[in-house]
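These notes concern the structure reproduced below.
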Amino acid sequence: MRATRVGSELMVRIGRRLVWEWSKLSLRWNDQVRTRWHDLTVTRRFVPVAGAQAGSQRVAIMVLYPADGVQPSHLRSLRHLIAMGYAPLVVSNLPLTEGGRASLLPLVWQLAERRNFGFDIGGYRAAILWLGQRLAGLERLVLTNDSIWFPTGDQPDW
């Protein structure tokens, strides 16, 4: 009876170790293969549309998730970024309506719509990969999203 119990415990320990090793291998696969594959495909699919704002050495990547459409707070934040000298590169993690797109284009340098892969971080990553070599020439890069509202009150900056 004792030998059977020890054998069962040993099998459980071996099983746990195999699961642990498999999880490490799976993480390595995600980090090294899947992420690189995603980056290659994202850069081909990430094709922003030029907006009315001029480019600048100060770029603000603003990621939106407009589940309820483009909001006045989105537009207010973009106007503020422009007033502070930033060229807004807006990434929408949801498809925009025609009206939403029309309201954003006058206030952006570039506008991209993408699948919500990786949430806000995925949007930043896609935009930064798209910026590519332009990054070296930037004076400043700001990452923001639609959960940050500014300006608020009398404060001129965030």
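For this structure, a couple of remarks:
- Residue 102 within 20 Å of residue 47 (Cβ to Cβ) and touching a Phe, Trp or Tyr at 6+ places or on another chain (Cβ under 6 Å): no
- Which numbered condition residue 115 misses (of (1) assigned to a helix (DSSP H, G or I); (2) surrounded by fewer than 18 Cβ atoms within 10 Å (Cβ to Cβ)): (1)
- Residue in the stretch 131-140 that is among the aliphatic types (A, V, I, L, M) and open to solvent by 50 Å² or more (accessible area, probe 1.4 Å) present: yes
- Extreme residue, nearest to residue 123 (Cα to Cα), among residues of the stretch 71-90 that are in contact (Cβ under 8 Å) with a residue 60 or more places away in the chain and not small (Gly, Ala, Ser): 74
- Filter pass, residue 54 being in contact (Cβ under 8 Å) with a residue 40 or more places away in the chain, exposed (fewer than 15 other Cβ atoms within 10 Å of the Cβ) and more than 21 Å from residue 36 (Cβ to Cβ): yes
- Listed by first and then second residue, the pairs linking a residue in the stretch 7-19 that is open to solvent by less than 100 Å² (accessible area, probe 1.4 Å) to a residue that is in a helix (DSSP H, G or I), with Cβ atoms under 7 Å apart and 6 or more places separating them unless they lie on different chains, form an empty list.
- Residue 128 being open to solvent by 40 Å² or more (accessible area, probe 1.4 Å) and either in contact with a helix residue (DSSP H, G or I) (Cβ under 9 Å, 6 or more places away or on another chain) or basic (Lys, Arg) (or both): yes
- Exactly one residue out of 122, 100, 55 is part of a helix (DSSP H, G or I) and modelled with pLDDT of 95 or more: that is 100.
The values are calculated or read from the model by the stated rules, or taken from the named source; none is laboratory data. As the structure is a computational prediction, the values presented were derived from the model and not from experiment. So basically every Cβ, Gly included, is an ideal-geometry build from the backbone, and we count neighbours across all protein chains shown. For the accessible areas, the whole protein counts, side chains as well, though only heavy atoms, and no ligand, DNA or RNA atoms are used. Shrake-Rupley method; radii C 1.70, N 1.55, O 1.52, S 1.80 Å.
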